[in-house]
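The values are calculated or read from the model by the stated rules, or taken from the named source; none is laboratory data. Quick caveat, the model's predicted, so the values are computed rather than measured. Because the Cβ atoms are built from the backbone with ideal geometry, glycine has one as well, and the counts that use them run over all protein chains shown.
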Amino acid sequence: MKKLLALTALIGFVSMMSGCAMTFGGATSGGVITSNVKGPVAVGDQSVSPAKTGVATATAIVFFASGDASISAAMAQGQIKKIHHVDNETFSVLGFFATYKTVVYGE
């Protein structure tokens with residue numbers, strides 16, 4: 001029983017330290033326990049109005065990840081043809097659950 005508990009703790013520790021979902025989407029900023037980070041990705045044409053918003057999300061749970069958080073997916077979701085700017089949002093809990101959102105603003 002002690003060996004099983006030690007093995008489980010070791011696997012959990014190695015998973016957390018290896019980054020797994022915590023660095024999902026290229027986000028490397030944040031805490032080990034929880035992280036909720038927002039930041040810029042790109043600036044587009046400043047003459048374009050940021051009237052519309054498009055969001056694309058990818059999710060990771062332990063060793064499994066799915067979703068399309070690309071700029072083109074966010075543009076399609078928001079029916080955006082011209083980009084004003086692009087932001088990202090990363091949320092992570094203990095490196096076991098993470099979401100990565102790409103938010104596109106434009107018209």
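Looking across the stretch 31-52, the residues that are within 12 Å of residue 85 (Cα to Cα), of a type outside the set (A, V, I, L, M) and either surrounded by 15 or more Cβ atoms within 10 Å (Cβ to Cβ) or within 13 Å of the chain's Cα centre (by Cα) (or both) come down to 39, 40, 44, 50, 52. Go through the stretch 75-96 and report how many residues are of a type in the set (Asp, Glu) and surrounded by 19 or more Cβ atoms within 10 Å (Cβ to Cβ). Residues meeting the conditions: 0. Residue 72 falls short on exactly one of the conditions (1) surrounded by 15 or more Cβ atoms within 10 Å (Cβ to Cβ); (2) over 11 Å from the mean Cα position of the chain (by Cα), and that condition is (1).
Looking only at residues that are assigned to a loop (DSSP other than H, G, I, E, B) and touching a Cys at 6+ places or on another chain (Cβ under 9 Å) in the stretch 65-107, which one is modelled with the lowest pLDDT? Spell out the reasoning first.
Of all residues in the stretch 65-107, those assigned to a loop (DSSP other than H, G, I, E, B) come to 68-70, 79-82, 94-96, 107.
This time we only want the ones that are touching a Cys at 6+ places or on another chain (Cβ under 9 Å), so: 95-96.
Numbers: 95: 75, 96: 84.
The residue in question is 95.
Out of 66, 49, 92, 70, I need the residue that is on the phi < 0 side of the Ramachandran plot, without any contact (Cβ under 8 Å) to a residue 12 or more places away in the chain and out of contact with any Lys or Arg (no Cβ under 6 Å at 6 or more places or on another chain). Which one?
On the way: 49 fails: without any contact (Cβ under 8 Å) to a residue 12 or more places away in the chain; 92 fails: without any contact (Cβ under 8 Å) to a residue 12 or more places away in the chain; 70 fails: without any contact (Cβ under 8 Å) to a residue 12 or more places away in the chain.
That would be 66, the only listed residue that is on the phi < 0 side of the Ramachandran plot, without any contact (Cβ under 8 Å) to a residue 12 or more places away in the chain and out of contact with any Lys or Arg (no Cβ under 6 Å at 6 or more places or on another chain).
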